[in-house]
1. Please identify the pairs in which a residue from region 479-498 that is touching a residue at least 40 places away in the same chain (Cβ under 8 Å) and β-branched (Val, Ile, Thr) has its Cβ atom under 6 Å from the Cβ atom of a residue that is surrounded by 13 or more Cβ atoms within 10 Å (Cβ to Cβ) and part of a helix (DSSP H, G or I), counting only partners at least 6 apart or on another chain.
2. Name the residues in region 174-193 that are assigned to a strand (DSSP E or B) and in contact (Cβ under 8 Å) with a residue 60 or more places away in the chain, would you?
3. It is to be established whether one or more residues within region 265-279 are in a strand (DSSP E or B), out of contact with any helix residue (DSSP H, G or I) (no Cβ under 9 Å at 6 or more places or on another chain) and either surrounded by 18 or more Cβ atoms within 10 Å (Cβ to Cβ) or of a type in the set (A, V, I, L, M, F, W, C) (or both).
4. For residues in region 280-314 being among the hydroxyl-bearing types (Ser, Thr, Tyr) and part of a loop (DSSP other than H, G, I, E, B), which is nearest to GLU469 (Cα to Cα)?
5. So in region 4-38, with the set limited to residues that are farther than 16 Å from GLU174 by Cα and of a type in the set (Gly, Ala, Ser), which one is surrounded by the most Cβ atoms within 10 Å (Cβ to Cβ)?
6. Considering only residues that are assigned to a strand (DSSP E or B) and crowded, with 16+ Cβ neighbours inside 10 Å, which ones fall in region 137-167?
7. On the basis of being within 30 Å of PHE256 (Cβ to Cβ) and within 24 Å of the chain's Cα centre (by Cα), does ARG53 make the cut?
8. Assigned by TED's automatic domain parsing to the domain that holds TYR154 and either of a type in the set (A, V, I, L, M) or in a loop (DSSP other than H, G, I, E, B) (or both): which single residue out of GLU93, GLU64 fits that description?
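The values are calculated or read from the model by the stated rules, or taken from the named source; none is laboratory data. These numbers were taken from a predicted model, which means no experiment stands behind them. Ideal geometry is used to build each Cβ from the backbone, glycine not excepted, and the neighbour counts take in all protein chains shown.
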Amino acid sequence: MASTELPAGVQVTGPMHERYDEILTPEALTLLAQLHRSFDGRRRDLLEARQQRYADLAAGGTLEFLPETKDVREDESWRVADPAPGLEDRRVEITGPTDRKMTINALNSGAKVWLADHEDANTPLWENMVGGQLNLRDAIERTIDFTSPEGKSYVLNDETATIVLRPRGWHLDEKHVLVDAQPVSGSLFDFAMYLFHSGPLQIERGLGPYFYLPKMESHLEARLWNDVFVAAQDHVGMPRGTIRATVLIETYPAAFEMEEILYELRDHSAGLNAGRWDYMFSVIKSFRTRGRDFLLPDRNSVTMTVPFMRAYTELLVRTCHKRGAHAIGGMAAFIPSKDEETNKAAYAKVKDDKTREAGDGFDGSWVAHPGMVGTCREAFDAVLGDKPNQRDRLREEVSVTADQLLDVRSTPGDVTEAGLRGNISVGIQYLEAWLRGSGAVGINNLMEDAATAEISRSQTWQWLHNDVELAGGPTVTRDLVERIIDEEVAVIREKLGEEAFAKGRWDDARTLFADMSLADELADFLTIPAYERMP
């Protein structure tokens, strides 16, 4: 795009492919520039506040319900906004990136909501970020189609899921767009492009611009989002409260500020969501120097029913329904395989998981594959019937303390060599695909995203830096981790064959995983150095 066409102080350094000028318009970039200039300083201050909190925890501090916001928690009078059109019934939500095929399949899946992901199930490849915006707009206008290399045609059904966009977290930049010589926030880029281009189209169709907000660690970060919403709505002439946002409670600090987060976003709130891998990753990250008190066993043994996870999900449902908000459950990552016995076990596990969530009072839950939509829907149908949700189930019997949220010590399970190998193998496989531009990757019959890589590398780091002894095996040392990395990469090479292996980015993935797992300090996010390796 020629500089004369850009708003003052705005640079687009990414390549301008076909139709990109439909998204990167001067008007949309003007909105982005306004948001950057108004809010990027606060964003950076809040990211620095995260570092201060980590330092306080390292020095012996703890997480607690904030004394300074006690009045918000004790005020029984406030509620969030009523559900927006298309968000009343959320019993099944499907997640996935916004490539053209996935966009059509997700919207056609039978789920009530599609989390159109520009975050963990995506990669910030420039083509993904701009192309995804085009695909979303085309889908809303019903002009989208796709033909596979095999000649299979994909078009939209008459009835489709409600789109909810997940922008990138506050910590990520968009290096291809500069305002006043600074990279803009990836969050603000994703939000502004979707709001400007697709928001009005959704309103014309009786819906609205809806968002999932990831990785927040405090109610002050939610306040920032709310102020962004107000400014953006005013800029485009949209009534305040049109935007609705569901917050993922996927960090340990945020679990202690759920009510405050709802309060800050109350005019724009659509509820809270309970994650799993990112929450476990945040446990390790928050108490990185105090691993013995917060040591997690093999990640696959940490279910949603272990004490500290159970406390978190119970509190989330109670908090949401107390304030009139939706409570959305976690991910079923299973994807159907060609093996009937594997499928039978997977479907049974998903059914049990979703039945528990529905019974606990959740209003809906996530799946990663269209093949799991029916199983999730059946579990929630059994509890909801014709009701769109169960927000009226207040769960007043639930009372969760800070000590219960912090009770990681009671988590049963061992740290095993199989768990260590699994972390290393899956982490490297995911990173290799991520570096090539794929953020949703099928590995071992599970649809993995960036959260899997984060928990895999952080667990490896935690076990190494706390001299953990494997069950029936040696102590985790640097030499052991390096040896297993070599062995697991060799297994991958043999499985793929030399020619296919050579075409991948396996050396980069291996180096990145090793660097992050073996470093003296635990890096906050894997995606930041990984993004530096992208064009």
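1. What qualifies is VAL481/LEU464; ILE484/ARG421; ILE484/ILE424; ILE485/ILE424; ILE485/ALA514; VAL489/ARG510.
2. Selection gives LYS175, HIS176, VAL177, LEU178, VAL179, GLN182, VAL184, SER185.
3. Yes, that holds for at least one residue.
4. THR289
5. Filtering first and then ranking leaves SER38.
6. PHE146, TYR154, THR162, ILE163, VAL164, LEU165, ARG166
7. When the stated conditions are applied, ARG53 passes them.
8. GLU64
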